[in-house]
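These notes concern the structure reproduced below.
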Amino acid sequence: MFCGACCAADSELVVQNESGTKAPLAPMLAAMPAGTGGERFVMTLKDVNAFKTLDLDLSDNKCVIFANCDGAAAEWNKQSLSQVFRFDRVIELNGQPCLATDLVEKSKSEDLGTLQLTIERPQKRMLYLQKPGRLGMDLTYTKTRKGSIKPWITNIADGLVNQWNANMPELAVGPHDRIISVNGSGGTPSDLVQLLGSPEETLQLEVLHYNI
């Protein structure tokens, strides 16, 4: 499923969701303090069977994240001080950069030996945008059974988010970052897309930023 943002007129941005509805969007006020993020650690799995129990969101090929901490992740958390959390990113497998397509191929193998996954924590960033104006941001998500847990940014064009990035470079967002909530409300990817059309004068976005 693709959900994109497009410009209907010079003064507004509309988001087209899967139901065909359109909603005008919105600019910038201030930022809440951001978390540190970026912490890394290595998770060791004894074999491919443990690896296959991981619940990963593979919908963004360049940004593999934990959808939930079940299976081997739950076992790891019971015995390790370095805890795995939902939305943490797998950046390397056995020291090599990790793509979703690589993990799919690895999961087909019957004998991979010990696996080492380098995990990185995202940084939470809060954006406050104020109407009127166009958002200038494309979002993508998939709707398969193992689809996206949250939509991610695929492109930022001229608009309020681009203006935010220019004025707040330490809190900038970009491609592969995930939208977690809009005006304090979460939900499914399609829910979040609809919330972007909120009639509120300000639009508050909670975004998880990944170092890609």
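Read the figures in this text as sums done on the coordinates, not as results from a lab. Quick caveat, the model's predicted, so the values are computed rather than measured. Every residue, glycine among them, receives a Cβ derived from its backbone with ideal geometry; neighbour counts consider all protein chains shown.
Find which of 68, 114, 41 sits farthest along the positive direction of the dipole of region 40-120, computed with +1 on the beta-carbon of Lys and Arg, -1 on that of Asp and Glu, about the Cα centre.
With unit charges placed on the Cβ atoms, the residue in question is 41.
Taking 0.36 nm per residue of sequence separation and subtracting the Cα-Cα distance, how much length would be gained by fully extending the chain between residue 46 and residue 200, in nm to one decimal?
Between residue 46 and residue 200, full extension yields an extra 50.4 nm.
Rounded to the nearest whole Å³, what is the per residue volume of the convex hull around the Cα atoms of region 40-120?
In region 40-120, the Cα convex hull volume per residue is 76 Å³.
For region 64-86 and region 186-212, what is the separation of their Cα centres, given in Å?
Region 64-86 and region 186-212 have Cα centres separated by 26 Å.
May I ask you to list the lysines whose Cα is less than 29 Å away from that of residue 150, ignoring any residue fewer than eight positions away on the same chain?
Result set, ordered by chain and number: 22, 52, 62, 78, 106, 108, 124, 131.
Within a Cβ distance under 14 Å of residue 163, other residues only, what is the Lys/Arg minus Asp/Glu net charge?
That works out to +1.
Based on the Kirkwood radius over alpha-carbon pairs, what is the Stokes-Einstein translational diffusion coefficient of region 114-212 at 25 °C with 0.890 mPa s viscosity, in µm²/s?
173
For the pair residue 102/residue 157, report the inter-label distance in nm, with labels modelled 7 Å from Cα in the Cβ direction.
Each label point lies 7 Å from its Cα, and together they span 3.3 nm.
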